[in-house]
Amino acid sequence: MTSLSSATTTQATDMQEHVSAISIRNLDVIFGNWSHDSLRMLDAGKTRQEIIETTGDVVGVKNASIEVQQGEICVLMGLSGSGKSSLLRAVNGLNKVSRGELLVRDGERMVNIAECDANTLRHMRSKRVSMVFQKFALMPWLTVLDNVAFGLEMQGIDKATRRDMAMEKLKMVGLDEWHGKYPHELSGGMQQRVGLARAFAIDSDILLMDEPFSALDPLIRSQLQDELIELQKRLNKTILFVSHDLDEALKIGTNIAIMESAEIIQHGKPEDIVLNPSNAYVQDFVAHTNPLNVLRGRALMTNVEQLERRDDTVVLDRHNNTLVTLDADGKPASASRNGQALGLQHWEEGQDLDQIQADQLMITTPDISMRDAIEIRHRTSLPVLLCEDGKCTGMLEDDDFYHALLGKHFNKETG
Amino acid sequence: MNWITDNKIPLGDWMEAFVDWLTFNAAGLFDAISVSLEWLILSMVDIFQMFPPFVPMAMTAALAWFLHRSIPLVIFVVVALLLILNLGYWQEMLETFVLVLAATTLSVIMGIPVGILAAHKPWVYTILRPILDLMQTIPTFVYLIPTLVLFGLGVVPGLISTIIFAIAAPIRLTYLGISRVPEDLIEAGKAFGATPFKLLYKVELPAAMPNIMAGITQCIMLSLSMVVIAALVGADGLGKPVIRALNTVNISQGFEAGLAIVLVAIILDRICKAPGAKEEG
């Protein structure tokens, strides 16, 4: 099985159009009645605690700036109370913006949610931005089908049409046979699928997901994550996703923004977050995650320059005397172990790992995922050679994997 | 200490002056209300009386079956109505039923919007709560007097008194239902672009429906509990024979009329109650 996160990352790079779907600049969200005083205190550098004691206001989001590209899954990550939900809810106006700019794409133009009128906001909510809730928020008196059609009903679409459209989305999440049931007759996972279908039903470009899978048990959660990734690949939605689980964020996120006490403290690709956590808070998160699906060969490998050389021969493993000979361009020409010649074989992501035989030195790219690299190492019982543009750049050995698994890869530089 | 008792605050006189003022200045209005309500109620009773007793009986039984699919309930309804017919209180039963129906309908029409308003505007409820408490605790006989003065003898003062007593239930329960709509349902409504009006009748009202239904059921039962008092000011119905029995110390008549009221109460309660309870399952 190929790793799912690597699949989404490649997909996102393929269609790098760099069109912002959501553009947030210097955004503050303050809950309470005194937001002017609170803003002044915020500018004066007062902490959240000081502000709540003086004015009674709660700072939800402080000076957040973030760009979300079209077709991206951006995960807002943080502990509860870190402001991730507050930021998400500002995007469709459920939370009022106290200051700053919040632009959301509406076809060709961008609409500033922070200061648009009620009609524009309603337009954005019913056509452009839909939402999936943590506790599903399905209407208990409506059937599954009518729940999916809820957004369409709000737009005033007639019953027959909206039911047809809803049925189509219900098929998409595999629940078409349940259309006549009521939400309470469904399991949690199924209910959230209905929530997902309801959000898809209005064909909005942007999906806001507020910890949608947190209320589900782990197996169902993982299954829904996979389904979401599949659906996103097919429908190319822009998704802003809130999660408190870094593993989930790493799995589904194109980019991750980590929040701590109302501020975005780090924003980057999953691998960047894992490799270069910006402070102890992020490091703490990273230390508890599984790096297998996130890290790539490039970040783990021992550089070819660091290896022992004997003329044009490079020593991969001194103990077993595994040697590889490079030609003038640095391309691997032949390999041997204890004097016996080894075959050279190329492997690319997506190829069947079961075909790999022992005593074949595998050559692959530095973009290989850690999981695949370990699998190859395990099957060949040989180091994995990494080449880029026909040139040998490094190799992966047990030490490199152990290092990463023990969380000691923080200081190792990428590339 | 004598001065306390010597200088009595003329609260009662003020109230009387107020009622006098109303009678003098708005007599036309009260007369119009009185005449039209009386006409409405009497003609409804007439309509019901046009049918032979088994028609309303069959309709009630059908309604019970339609709402509850329970054979024992249908049998009970039929037997109870036959007993009332047999005791000779059919006409009074119809009058009571119409009075309860009218009082409940008016209470619900006025009470639900007030309840919604109170749930949306906290200050309205702050003002409303003591008034509702007052309406439910003040002895019924006390406001029977001014209603009698304003609307004259007959079914209308009975109806008005019944409404004053019973309207608190739909207001309170609508308020309760709407203010307890789960926040995430409201947010879901907003997030999908609901207008305030759509939010009300596609999210809030359906979500509050079990509570509102309970309010209506309660309103019916409270209205029914007022039949004897309404009879005091001249409203027709099952209350009249009870009053008459009381005045003549007629045990048998009192028992039969009382039994008829109880039967009507049970029928109404059983028929109205469960549709709300069904949704909880």
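The values are calculated or read from the model by the stated rules, or taken from the named source; none is laboratory data. This is a predicted model, so every value here is computed, not measured. No Cβ is skipped: glycine too gets one built from the backbone with ideal geometry, and neighbour counts run over all protein chains shown.
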Confirm whether A:Val132 is within 12 Å of chain B (Cβ to nearest Cβ), in contact (Cβ under 8 Å) with a residue 12 or more places away in the chain and in contact with a helix residue (DSSP H, G or I) (Cβ under 7 Å, 6 or more places away or on another chain).
-> yes
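This table checks each residue for (1) touching a helix residue (DSSP H, G or I) at 6+ places or on another chain (Cβ under 6 Å); (2) within 14 Å of chain A (Cβ to nearest Cβ); (3) aliphatic (A, V, I, L, M).
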{"position": "B:Leu132", "(1), (2), (3)": "yes, no, yes"}
{"position": "B:Gln136", "(1), (2), (3)": "yes, no, no"}
{"position": "B:Val155", "(1), (2), (3)": "yes, no, yes"}
{"position": "B:Ile163", "(1), (2), (3)": "yes, no, yes"}
{"position": "B:Ile167", "(1), (2), (3)": "yes, no, yes"}
{"position": "B:Tyr175", "(1), (2), (3)": "yes, no, no"}
{"position": "B:Glu183", "(1), (2), (3)": "no, yes, no"}
{"position": "B:Leu222", "(1), (2), (3)": "yes, no, yes"}
{"position": "B:Met226", "(1), (2), (3)": "yes, no, yes"}
Which condition does A:Pro366 not pass, out of (1) part of a loop (DSSP other than H, G, I, E, B); (2) exposed (fewer than 13 other Cβ atoms within 10 Å of the Cβ); (3) of a type outside the set (A, V, I, L, M, F, W, C), if it passes all the others?
-> (2)
Could you tell me whether any residue of segment B:139-161 is out of contact with any Pro (no Cβ under 9 Å at 6 or more places or on another chain) and aromatic (Phe, Trp, Tyr)?
-> yes
Picking from B:Pro210, B:Pro241, which residue would you name as being more than 14 Å from chain A (Cβ to nearest Cβ) and touching a residue at least 40 places away in the same chain (Cβ under 8 Å)?
-> B:Pro241
Inter-residue pairs, beta-carbon under 8 Å, first at positive phi and in segment A:25-36, second of a type in the set (A, V, I, L, M, F, W, C), 6+ apart = A:Asn26/A:Ala64; A:Gly32/A:Val58
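Yes/no per residue for (1) under 23 Å from the mean Cα position of the chain (by Cα); (2) part of a loop (DSSP other than H, G, I, E, B); (3) surrounded by 24 or more Cβ atoms within 10 Å (Cβ to Cβ):
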| position | (1), (2), (3) |
| --- | --- |
| A:Asp28 | no, no, no |
| A:Arg40 | no, no, no |
| A:Gln49 | no, no, no |
| A:Glu53 | no, no, no |
| A:Ile66 | yes, no, no |
| A:Val75 | yes, no, yes |
| A:Ala90 | yes, no, yes |
| A:Val97 | no, yes, no |
Does B:Ala230 satisfy being away from chain A (no Cβ under 14 Å) and among the small types (Gly, Ala, Ser)?
-> yes
Enumerate the helices (runs of 4 or more DSSP H) found wholly within segment B:128-210, keeping only those where 2 or more residues are aromatic (Phe, Trp, Tyr).
-> B:140-151
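Per-residue answers, yes or no, for (1) surrounded by fewer than 19 Cβ atoms within 10 Å (Cβ to Cβ); (2) at pLDDT below 95:
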{"site": "B:Leu67", "(1), (2)": "yes, yes"}
{"site": "B:Ser70", "(1), (2)": "yes, yes"}
{"site": "B:Leu85", "(1), (2)": "yes, yes"}
{"site": "B:Tyr89", "(1), (2)": "no, yes"}
{"site": "B:Glu95", "(1), (2)": "no, yes"}
{"site": "B:Val98", "(1), (2)": "no, yes"}
{"site": "B:Leu101", "(1), (2)": "yes, yes"}
{"site": "B:Ile116", "(1), (2)": "no, no"}
{"site": "B:Pro122", "(1), (2)": "yes, yes"}
Looking at (1) part of a strand (DSSP E or B); (2) within 29 Å of A:Glu271 (Cα to Cα), can you tell me which one A:Glu305 breaks?
-> (1)
Are there any pairs with C-beta distances below 6 angstrom linking a residue in segment A:81-102 that is within 14 Å of chain B (Cβ to nearest Cβ) to a residue that is assigned to a helix (DSSP H, G or I), with the two at least 6 apart or on different chains, and if so which?
-> A:Asn92/A:Arg125; A:Asn92/B:Ala191; A:Gly93/A:Ile113; A:Gly93/A:Leu121; A:Leu94/B:Glu187; A:Asn95/A:Ser86; A:Asn95/A:Arg89
Counting only residues in segment B:213-225 that are touching a Gly at 6+ places or on another chain (Cβ under 9 Å) and crowded, with 24+ Cβ neighbours inside 10 Å, the one nearest to B:Leu101 (Cα to Cα) is identified as B:Cys219
Can we say A:Arg122 is surrounded by fewer than 22 Cβ atoms within 10 Å (Cβ to Cβ), more than 22 Å from A:Leu76 (Cα to Cα), within 10 Å of chain B (Cβ to nearest Cβ) and of a type outside the set (A, V, I, L, M)?
-> yes
Wholly within segment A:190-276, strands (runs of 3 or more DSSP E) carrying at least 2 residues that are among the β-branched types (Val, Ile, Thr) and within 27 Å of A:Lys169 (Cα to Cα) | A:238-243
Which is under 22 Å from the mean Cα position of the chain (by Cα), under 22 Å from B:Gly234 (Cβ atoms) and touching a residue at least 60 places away in the same chain (Cβ under 8 Å), of B:Leu63, B:Leu37, B:Leu67?
-> B:Leu37
Quick one: in segment A:99-140, of everything that is β-branched (Val, Ile, Thr) and under 25 Å from the mean Cα position of the chain (by Cα), which residue is farthest from A:Asp28 (Cα to Cα)?
-> A:Val132
Within segment B:25-64, restricting attention to residues that are within 15 Å of B:Leu81 (Cβ to Cβ) and aromatic (Phe, Trp, Tyr), which residue is surrounded by the most Cβ atoms within 10 Å (Cβ to Cβ)?
-> B:Phe48
Scanning segment A:1-60 residue by residue, those under 30 Å from A:Pro291 (Cα atoms), at pLDDT below 85 and among the polar types (S, T, N, Q) turn out to be A:Thr2, A:Ser3, A:Ser5, A:Ser6, A:Thr8, A:Thr9, A:Thr10, A:Gln11, A:Thr13, A:Gln16
Inspect segment A:215-228 for any residue being modelled with pLDDT under 90, within 14 Å of chain B (Cβ to nearest Cβ) and surrounded by fewer than 23 Cβ atoms within 10 Å (Cβ to Cβ) and give the result as yes or no.
-> yes
Find the residue count for segment A:290-321, including only residues that are in contact with a Gly (Cβ under 9 Å, 6 or more places away or on another chain) and more than 30 Å from A:Ala333 (Cα to Cα).
-> 1
B:Pro56 meets each of (1) free of Cβ contacts under 8 Å to residues at least 24 places away in the same chain; (2) closer than 30 Å to B:Val264 by Cβ with one exception, condition (1)
